Amino acid sequence: MNLETHGMWDKVAYGELTIEEALPGDRPEWRAALLDRAASMFERDKNHASIVIWSLGNESFGGSVLLEVGDWFRATDPSRPVHYEGVHWDPRYPETTDITSQMYTFAADVEAHLREHRDKPFLLCEFAHSMGNSFGAVDKYMDLTESDPLFQGGFIWDFVDQTLPITDRYGVEFLGYGGDHGEAPHDAEFSANGIVFADRTTTPAYQEVRYLYQPLRTTIGTDSFEVRSRRLFTGTGDVEAIVTLSREGVAVREERVEIDVPAGETRSYPLPFTVPASGEHTVDVSYRLVRSTSWAAAGYEIGWEQAVVGTADAVVTTASAPRVVESTHNVGVHGPHFSVLFSRLHGGLVSYRYGRTADGGHELLRDMPQPSFWHAPTSNERGWGMPFRDGQWLLASRYRKRREGHEKPTVTRHDDSVSIAYFYDLPTVPVSEVDVTYRVFGDGRVEVTVDLRPGDGLPDAPEMGFQIEVDADLRRLTWYGEGPHESYVDRRGGARLGRWQSDVRDQAHAICASAGVRQPHRRTVGRGDERCGPWAAARQRGRHGACPRCRGRHTRSRMPGTRMSRRPFTARCCVPRS
C-alpha cells in the first residue's frame, strides 16, 4: 500500500513528538483514507498470481489504525498473509503483521531472533544496501535461508540507480545524483544504490547477485560434481552443463555433460576428465540454456561453480646473484638487463630500470613505492563513521619517518639475491612500526615484504597494501586472479579465477561508476580491486611493462587517480597475531 510517513516517524524517534502524535498511529481520522487506499490496491492487484503478500506500507511507525487495515486484508482475502515492518519500531500491536519484518539486520541477529521466536516467518523487507561499492556478506543471508525455513530472505535495496543524465561544464554527459544539479540540501549518492545503473548496465555487485540467486548449487569433488536444484517446479531439461578444465587461467579441455535433476533434488555426475596432479587447475561447471526463451538467448549462463585444485608452479630463479654497488647516498643493484636504485638519503626504492637502451633502460617507477593502510572510504563506510574511527591510518599511509637507530637501510647479501630493508615509524597514537624489505634476485625479480606492528589499542587498518606508481602509458592490464569484475573478500562468490584483460582506463568504475557516473567524478566510492592469483601485469602496447607477483592469493587494484583515492597492489604483507 502506498503509505509512508517517515518524517513524522523521525520526530517520534527523536523525541520531538509523543507516540500519540504519530501518523497514522491511533488517529481515527486516518482510518477512512487508509482503508480506501487498501481497497483500491486490493481490487487492482487481487487477480495477479505474482502478488503473494499484502503490505501495509513503509516506514510509518505503528498504531491501531494500521492494525485495522491489516485485519481488513485478512478478512477480505484469507489466502494471503499481511506484512508490515513498522511493528519492529512500535511493538504495541504485534498482531498487525503476520510476518516478522525488519531492515538491514545482521544475519547473525536474524539467526539469534529465530532461535527464540518460532511463531512467525522472518523477512528483511530491505537489506544489502547496494550504495557505492558495497553488497558484501550477502552470502551469509542466503546460507540462512537454506538452514532455517522460517527465514524467507530479503529484498535488495535496490534494483536501479535513481540518477539523471546531465552535462558538465566541459560538455561531457554523465549520470548525476544529489548535488550535481546545484540543489541543496541533498543526500548525495544516496539515490544511487542499484545493482544496475540508471542506463541498465550492470554494476560489479550484479555478478554476485547472479551467483547467489542461481537456481542450481554445485559441489565439485576430485572426480565428480554434485548438482542440487533449488527450483520448486521444473527440472533441468532446459539446460546443459559445460565442464571446463583450465591450467592457470588457460582452458585445456571442455566437455558437455547431460544432467537431469528434478526440482528440489540432488544428483551426482562424474567429471569428464582427470585433473592433473601438478600445477594449479580450475574446474568450472557452467549451466547454459539449450534453447532461446523470451528472456534470454540459447547459451545464456543461468548458474556456475568453480573449484581450484593444486597450487601454481613456483617461480624458479637460475640467474646468479646481482651485483651490489654501495655509495654514500644510494645502493645500486644490477643484473644483465636491469638496474635498481635504493636511496639512503630519501629512504626507499627510487628507480627500477629494465632493458639495455641508449637512455639506460625503461624506467618503470614514477614515484617511490610505499606501504598503504588506507583506502578511499566507501559510501557505507562514511555512513558508519569509518573515516573518523580509522583516520590515523590515512596519516600513516602518507607520512612516516625512519626509525631512530635505523636511519639507513640494511643491506644483506644472499647466495642468489640481496635484501635491502627500511624501518619506519608511523604517526599513530601510540606509534606503529612498519618494516619494508626488498629482496632483489639476479633475474630482476623484486620480492617485497611489509611487516606492520600496530600500536596497542589502534583500530583495524582499512587495508594492508603496497602502493606502486607506474607510467600512465602502462594501460594494458592482464591479471591471473578473480574476475572479470572487481571483487572483495566479502563479495567474491560471483568472481572466477582466470586470466583476464582490460584497459586501466575502464577501471574508473572504482572511482565513480558505483554512483552511476560514467567518468571520473569528484567523489570516490570504491576501490576497483580483484582477488588475485600469483600475478598481475600492466603494459604499454607493443612495449615494456610491470608484472607484480605474489605468494598465494592477494588483492590488487589498478586505478588512475590520486594516491589516497585508489587501492594499491598488495605485495606480501605480514601482520603479527595478537
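The values are calculated or read from the model by the stated rules, or taken from the named source; none is laboratory data. As the structure is a prediction and not an experimental result, all values here were calculated from the model. Cβ coordinates were reconstructed from backbone atoms using ideal geometry, including for glycine residues, and neighbour counts include every protein chain displayed. Side chains included, ligands, DNA and RNA excluded: accessible areas come from the protein's heavy atoms. Shrake-Rupley method; radii C 1.70, N 1.55, O 1.52, S 1.80 Å.
Brief remarks follow.
- Within the option set 331, 325, being open to solvent by 50 Å² or more (accessible area, probe 1.4 Å), assigned to a strand (DSSP E or B) and either within 25 Å of residue 421 (Cβ to Cβ) or not aromatic (Phe, Trp, Tyr) (or both) holds for one residue only, 325.
- Test: residue in segment 181-188 that is farther than 27 Å from residue 483 by Cα, in contact (Cβ under 8 Å) with a residue 60 or more places away in the chain and open to solvent by 10 Å² or more (accessible area, probe 1.4 Å): yes
- Of the residues in segment 41-61, none is out of contact with any Asp or Glu (no Cβ under 7 Å at 6 or more places or on another chain), surrounded by 14 or more Cβ atoms within 10 Å (Cβ to Cβ) and acidic (Asp, Glu).
- Any hit, segment 371-387, residues being closer than 16 Å to residue 437 by Cα, in contact with a helix residue (DSSP H, G or I) (Cβ under 8 Å, 6 or more places away or on another chain) and of a type outside the set (Asp, Glu): yes
- Lone unmet requirement of (1) modelled with pLDDT under 95; (2) closer than 28 Å to residue 488 by Cβ; (3) assigned to a loop (DSSP other than H, G, I, E, B) for residue 447: (3)
- Restricting 118, 169 to residues that are over 33 Å from the mean Cα position of the chain (by Cα) and of a type in the set (Lys, Arg) narrows the list to 118.
- Taking the criterion of being open to solvent by 10 Å² or more (accessible area, probe 1.4 Å), of a type in the set (Gly, Ala, Ser) and assigned to a strand (DSSP E or B), the residues of segment 221-248 that qualify are 224, 246.
- Qualifying residue in segment 74-89 (condition: farther than 29 Å from residue 146 by Cα, open to solvent by 20 Å² or more (accessible area, probe 1.4 Å), charged (D, E, K, R) and at pLDDT 95 or above): no
- For segment 365-414, the set of residues classified as open to solvent by less than 30 Å² (accessible area, probe 1.4 Å) and β-branched (Val, Ile, Thr) consists of 378 only.
- In segment 354-364, of all residues being farther than 20 Å from residue 466 by Cβ and either charged (D, E, K, R) or free of Cβ contacts under 8 Å to residues at least 60 places away in the same chain (or both), the one that is surrounded by the fewest Cβ atoms within 10 Å (Cβ to Cβ) corresponds to 358.
- Any hit, segment 119-129, residues being among the charged types (D, E, K, R), surrounded by fewer than 16 Cβ atoms within 10 Å (Cβ to Cβ) and not in a loop (DSSP other than H, G, I, E, B): no
- From the options 264, 303, 299, 310, residue that is farther than 17 Å from residue 247 by Cβ, surrounded by 11 or more Cβ atoms within 10 Å (Cβ to Cβ) and touching a Pro at 6+ places or on another chain (Cβ under 8 Å): 303
- Subset tally (residues that are in a loop (DSSP other than H, G, I, E, B) and buried (at least 19 other Cβ atoms within 10 Å of the Cβ)) for segment 465-482: 3
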